[in-house]
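Colleague: I have a structure I would like to understand better, so I am pasting it below and will then ask my questions one at a time.
Where a number appears in this text, it was derived from the coordinates with a stated rule and is not lab data. Since we're looking at a predicted model, the values are computed, not measured. Here the Cβ positions follow ideal geometry from the backbone for every residue, glycine too, while neighbour counts run over all protein chains shown.
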Amino acid sequence: MADAALIATGYQVFDAHRKEELGYGIYKGVITSLDMEQMIKHGKILNANGDEPKRITFLQCVGSRDEKSGNHYCSKICCVTAVKQAIEVRKQLPKCEASVFYMDLRMWGQGFEEMYRTAQEKYGVSFVRGRISEAAGTFDGRVQLKSEDTLMGLPLKMTTDLLVLMVGMEASCGTKVLGKSCDISGDYGFIRTVNPHLYDNETGRPGLFAAGTCKRPMSVSDSINDARSAANAIKDYLETLG
Amino acid sequence: MANRYWNEYQKNIADDHYYYERSCIRQTFFPGSETAFLKMMQDELGKDIFDDFRLHTCTGIGYHTDVVPLETTMTVVARIFSLMKERGYENLVPSCITSFGVFTEMCHMWQEHPELLEQTRENLYKACKREFDMPKNIAHPSDLIFKYRFELAEKMKYRLVNRFTGKPLNVVEHIGCHYAKLFPDKGVGKAEFPYVLAGMIEAWGGHVVDYPERRHCCGFGFRQYLVQENRGYSVSNTKKKLESMEPYEPDFIVSNCPGCSMFLDRWQYTIAEMEHKTYDREGYGIPVLTYEEMAGLLLGYDPWELGLQIHQVQSERLLDKIGIPYDPKQKYNSASGKILRAPEKPENLLV
Amino acid sequence: MGNLIDLIRSDARYEDSLKACMNCGICTAICPAAEFYDYDPRRICDTVQRGDEEQVEKLLREDTIWYCGQCMSCKPRCPRGNVPGAVINILRKVSQEMGYYKESRMGRQQVALMAGIGNNILEIGYCVHPDKVRPEMHPEQGPAWEWYIKNIKEVAPKFGANYHGKGAGALREICPETMEELRNIFKVTGGMDFHDAILNGGKDD
């Protein structure tokens, strides 16, 4: 038996198969941001037919800010990630068009708003304010998408080689199970803390603490800070035990 | 469709004792389909399905053209439910997709707003001294055929296979918007990949075609067709679908909505006459069937009793592909066997 | 709050149709009317949501709200659970009640629809019936339809229809008792008054 325990069971990404209208798992040209990250890492960004793509489109808020998928909240880090991935695409494939379809550009964190500008000015990434309603596979292995350019007030239909779904963060299976069994489950199965400002590592059960994305979507720096905060909170707690 | 990653949503469909409500549009354009459906349910499957002469329109088209107020449509729907109750039935089977949508929507509204239900009870009583209950189950006839597709398959004489090539026929299935989109969990397979027709096609040997504009509305648009000067909207929407499906070379199109079945057929004729363009390779167009016609043909029902001769895109080449026999001499006969003069031929569309 | 906004918000369908719009454009993205007409369901929901009486009045006097085809493709997609197609029903109702529909070409078509569909329901108990789909008004129906209409009395029984017959069956004559109850329902619920108002030149604003 331990005197204290820290729950750090983390997150999982939204399962993009659930947004059936986007065709993930059905049309090869539809991938997630995780798939794209792997492609970027290995320097192999290829379309559904195995060729170099001429056009890549990023769609924000897949499984976030969406009543239909059950997640009303914002996943915080996808905007920054998409802009980063778009820049990487343009670096590796200078001839490939990259566009980001967004509702808002939530570039939380130091330097990231500037990164958005850099994406536009230096890397020629284009940004369309509109959410994609539907993606369908075409006869030649590309992806047809339907959106609205809300700033122009006109519907937009476009065929792209790769559609990258910026999937949101959800509580991991382990988080959900643990949350339920310890009776500390909050909204959406994330772990609930006593107070998000003052007691954000305490679960309310003595000795049981939580840190990181098991509580809510977080960036890397958020998580590191939260880990430090949790360590301090546990240290203080252990000291009270004598 | 192969490679589906979603679960086949199992909608609750009652298994017997159905109350049938006829469709204005299906009676108008596909009366043979309603006859065939009743025959399938009663004769092939031995089910109890009641055809009530005291029924009438649900006013759905009036509601969606905004000439019938909500309260009126609600009370008309209540009358239909009242008749159903009187006859001792709880399972409603509306032939029209708009009706299916209207019934589902009104029941939903009454559940969310009990004061509307109360108001409707008062109105119905005031108007005709009737009382009603909400149906226990509402299923579209295509849901029933889907539910019993394997039982029907056992009785079928033909399959959705091209007998010349041995390959499954390429079938485009079109789901009426108000079936899947209003309340996705009230439709088999939900809104994005509805399975009610795909299930029939796969059970009967065919291959379902997925194409980019699969979910696009056929373009009926209610007032966008019914008012003559708006019809451009309607034909343009169908044209969009036809252009999208063309590369996949469908052998035929099937729909569960009577309006969609009619439009997908007639607009092919219109486009052929206006633009010299058909979406098959030979200039005959792609035949469009109702699901009742599709099932009926495979069961061996006579094509001319089903009513294929009053489609504008002719189906003989499809019947030949499947191996269904037909007597060309009977095509334009009257019910009593009298030989009637055949229709005029279109200028461009081959018939 | 202004009068029109009140009328719109007091409709029973309002709270289920327009919760709060975040202007994402997913509805316009999929809307068939937006592809064909100068129509944008997102902008309409945004206008209604802003509660600007002047803007809403302008909307009700224009062609815009009459472009929707009522397909409800917007409904399964909206991430906030709104239904622009149902907001349209509410706007069309208010536009007709206030008489504003008369000021737009598309709005004035309501008279034709009332004379067509509205009268069909009250006269014969069908919204649509072969007797009312006359080939000369519907050239797009083609020569096969023309043939059917010409020969319908002799051909309909082949399909199992009971054309103009008594009792059950497709295309039957709806019995007088049913028609009377149907008309009473229209009278009691305001449907008849609405019908008469639109056909007699509508209410004045």
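Colleague: Is there a pair in B:Lys39/B:Lys155; B:Lys39/C:Lys153; A:Lys28/B:Lys241 whose C-alpha atoms are over 18 Å apart, and which pairs would that be?
Modeller: Details: B:Lys39/B:Lys155 13 Å; B:Lys39/C:Lys153 22 Å; A:Lys28/B:Lys241 22 Å.
Flagged as over cut-off: B:Lys39/C:Lys153; A:Lys28/B:Lys241.
Colleague: Here's another thing I want to ask about it. Any chance you could tell me what percent of the C-alpha pair distances in chain B go past 29 Å?
Modeller: Values: 24342 of 61425 pairs.
Tail of P(r) above 29 Å: 40 percent of Cα pairs.
Colleague: Could you check which residue among B:Cys96, B:Cys260, B:Cys107 shows the biggest mean-square fluctuation in a GNM of chain B with a 10 Å Cα cutoff?
Modeller: In the Gaussian network model the winner is B:Cys107.
Colleague: Could you check which residue among A:Pro217, A:Pro94, A:Pro155 shows the biggest mean-square fluctuation in a GNM of chain A with a 10 Å Cα cutoff?
Modeller: Ranking A:Pro217, A:Pro94, A:Pro155 by mean-square fluctuation puts A:Pro155 first.
Colleague: Sticking with this one: Net charge near A:Ala4, counting Lys/Arg +1 and Asp/Glu -1 over other residues with Cβ under 14 Å of its Cβ? Don't skip to the answer; put the middle values down first.
Modeller: Numbers: positive: A:Arg205, A:Lys235; negative: A:Asp3, A:Glu202, A:Asp236, A:Glu239.
Computed value for this residue: -2.
Colleague: A further question on this structure: Is there a simple number for the mean count of other chain Cβ atoms within 10 Å of the Cβ of residues in C:131-140, and what is it? Each step should come with its number before you reach the end.
Modeller: Numbers: counts 1, 2, 4, 0, 0, 0, 1, 4, 5, 14.
So the per-residue partner count for this stretch is 3.
Colleague: For segment B:45-175, I need the span (max minus min coordinate) of the C-alpha atoms along each principal axis, in Å, sorted largest to smallest.
Modeller: Its Cα atoms span 63, 33, 27 Å along the three principal axes.
Colleague: Return a whole-number percent for the relative contact order of chain C, with Cα pairs under 8 Å and 6 or more residues apart as the contact set.
Modeller: 18 percent
Colleague: Which pairs in the list A:Lys180/A:Lys215; B:Lys186/C:Lys93; B:Lys277/B:Lys345; B:Lys329/C:Lys158 are over 20 Å apart, alpha-carbon to alpha-carbon? Before the final figure, lay out each step's value.
Modeller: Values: A:Lys180/A:Lys215 13 Å; B:Lys186/C:Lys93 28 Å; B:Lys277/B:Lys345 16 Å; B:Lys329/C:Lys158 15 Å.
Beyond 20 Å: B:Lys186/C:Lys93.
Colleague: How large is the dipole of the protein assembly as shown about the Cα centre if only Lys and Arg carry +1 and Asp and Glu carry -1, each at its Cβ, rounded to the nearest 20 debye?
Modeller: Working: 98 positive and 109 negative charges, 227 e Å.
The dipole magnitude comes to about 1080 debye.
Colleague: Follow-up. Which three extents, in angstrom, do the Cα atoms of the protein assembly as shown have along their principal axes, listed largest first?
Modeller: Here the spans come out as 101, 63, 55 Å, largest first.
Colleague: Let me ask something else about it. How many Cβ atoms of partner chains, on average, are near each residue of C:31-40 if near means within 10 Å of its Cβ?
Modeller: 6
Colleague: Using only alpha carbon pairs under 8 Å that are at least six residues apart, calculate the relative contact order of segment A:82-155 and give it in whole percent. Before the final figure, lay out the partial values.
Modeller: Working: 91 pairs, mean separation 19.8, N = 74.
Over segment A:82-155, the number comes to 27 percent.
Colleague: How much of the calculated P(r) for segment B:234-313 lies past 21 Å, in percent of all Cα pairs? Could the numbers behind the result be given before it?
Modeller: On the way: 789 of 3160 pairs.
Here the tail beyond 21 Å accounts for 25 percent of pairs.
Colleague: Among B:Tyr89, B:Tyr63, A:Tyr237, which comes first, second and so on when ranked by fewest other beta-carbon atoms within 10 Å?
Modeller: Numbers: B:Tyr89 22, B:Tyr63 27, A:Tyr237 17.
Listing B:Tyr89, B:Tyr63, A:Tyr237 from fewest to most nearby Cβ atoms yields A:Tyr237, B:Tyr89, B:Tyr63.
Colleague: Between C:Leu122, C:Trp145, C:Val188, whose Cα lies farthest towards the positive end of the dipole of segment C:109-199 when Lys and Arg beta carbons carry +1 and Asp and Glu beta carbons carry -1, centred on the Cα centre?
Modeller: Among C:Leu122, C:Trp145, C:Val188, the one farthest towards the positive end of the dipole of segment C:109-199 is C:Trp145.
Colleague: Any idea what Rg and Dmax come out to for segment A:1-81 if you just take the C-alpha atoms, in Å?
Modeller: Computed over the Cα atoms of segment A:1-81, radius of gyration and Dmax are 16.5, 58 Å.
Colleague: I'd like the antiparallel share, as a percent to the nearest 5, of DSSP beta bridges with both residues in the protein assembly as shown. Walk me through the numbers on the way to the answer.
Modeller: On the way: 20 of 58 bridges.
Expressed as a percentage, antiparallel bridges in the protein assembly as shown total about 35.
Colleague: Same structure, new question: Once you've got the GNM for chain B with C-alpha springs shorter than 10 Å, pick whichever of B:Ser236, B:Ser95, B:Ser255 has the biggest mean-square fluctuation.
Modeller: Highest fluctuation of the listed residues: B:Ser236.
Colleague: About the Cα centre of chain B, what is the dipole size in debye to 20, counting +1 per Lys and Arg Cβ and -1 per Asp and Glu Cβ, all else neutral? Intermediate values should be presented prior to the final figure.
Modeller: Details: 42 positive and 49 negative charges, 89 e Å.
Roughly 420 debye, rounded to the nearest 20.
Colleague: Using only alpha carbon pairs under 8 Å that are at least six residues apart, calculate the relative contact order of segment A:13-168 and give it in whole percent. Each step should come with its number before you reach the end.
Modeller: Numbers: 318 pairs, mean separation 52.5, N = 156.
That works out to 34 percent.
Colleague: In segment B:164-201, whose amide N lies under 19 Å from the spot 7 Å out along Cα-to-Cβ of B:Arg281? List them in ranges.
Modeller: Within reach of a label on B:Arg281: B:164-172.
Colleague: Give me the net charge for the shell around B:Tyr18: Cβ to Cβ below 12 angstrom, other residues only, Lys and Arg +1, Asp and Glu -1.
Modeller: Numbers: positive: B:Lys47, B:Arg87, B:Lys136, B:Lys147; negative: B:Asp15, B:Asp16, B:Glu21, B:Asp48, B:Asp51, B:Asp52, B:Glu90, B:Asp143.
Spelling it out: positives minus negatives among the neighbours equals -4.
Colleague: What aspartates and glutamates could a cross-link reach from B:Lys338, if we take a straight Cα to Cα line under 12 Å and drop same-chain neighbours fewer than 8 places away?
Modeller: C:Glu154
Colleague: Please pull out the direction-averaged projected area of segment C:109-199, using the convex hull of its alpha-carbon atoms, in nm² to one decimal place.
Modeller: Values: hull surface 27.0 nm².
That works out to 6.8 nm², a quarter of the Cα hull's surface.
Colleague: Quick one: Cα convex hull volume of chain A, Å³ per residue?
Modeller: Value for chain A: 141 Å³ per residue.
Colleague: Counting other Cβ atoms within 10 Å, which chymotrypsin sites (Phe, Trp or Tyr not before Pro) in segment A:78-145 have at most 14 and lie in a DSSP loop? Mind dumping the intermediate values first?
Modeller: Details: sites: A:Phe101, A:Tyr102, A:Trp108, A:Phe112, A:Tyr116, A:Tyr123, A:Phe127, A:Phe139; in loops: A:Trp108, A:Tyr123, A:Phe139.
Filter output for segment A:78-145: A:Trp108, A:Phe139.
Colleague: Still on this structure, please answer the following. When 1/r is averaged over all different Cα pairs and the result inverted, which Kirkwood radius in Å belongs to segment C:3-103? Show your work: numbers first, answer last.
Modeller: Details: mean 1/r = 0.0750 Å⁻¹.
When all Cα pairs of segment C:3-103 are included, the Kirkwood radius is 13.3 Å.
Colleague: On to the next question. Quick check for me: using +1 on Lys/Arg Cβ and -1 on Asp/Glu Cβ, what's the dipole size of chain A about its Cα centre, in debye to the nearest 20? Could the numbers behind the result be given before it?
Modeller: On the way: 30 positive and 30 negative charges, 90 e Å.
Around 440 debye, computed over chain A.
Colleague: Continuing with the same structure: For helix C:176-189, what angle does its Cα long axis make with the longest principal axis of chain C, in degrees from 0 to 90 and rounded to 10?
Modeller: Helix C:176-189 sits at roughly 10 degrees to that axis.
Colleague: Lysines within cross-link reach of A:Lys91: Cα-Cα under 16 Å, excluding same-chain residues under 8 positions apart?
Modeller: Once the sequence-local lysines are set aside, what remains near A:Lys91 is A:Lys41, A:Lys44, A:Lys54, A:Lys122.
Colleague: Run the reach check for A:Lys146 against aspartates and glutamates, Cα to Cα strictly under 13 Å, same-chain hits fewer than 8 apart removed. What comes back?
Modeller: Straight-line reach from A:Lys146, under 13 Å: A:Glu21, A:Glu134, B:Glu213, C:Glu35.
Colleague: Please report the projected area of segment A:154-242's Cα convex hull averaged over all directions, in nm². Intermediate values should be presented prior to the final figure.
Modeller: On the way: hull surface 35.9 nm².
Directional mean of the projected Cα hull area for segment A:154-242 stands at 9.0 nm².
Colleague: Using a 10 Å cut-off on Cβ to Cβ distances, tally the other chain neighbours for every residue of A:19-28 and report the average as a whole number. Working shown, then result.
Modeller: Numbers: counts 1, 10, 8, 1, 4, 1, 4, 9, 3, 0.
Per residue, the average neighbour count from other chains is 4.
Colleague: Evaluate the Debye formula for chain C with equal point scatterers sitting on the alpha carbons, no solvent, and hand back log10 of I(q)/I(0) at q = 0.13, 0.18, 0.19 Å⁻¹, in q order, two decimals.
Modeller: -0.88, -1.22, -1.27
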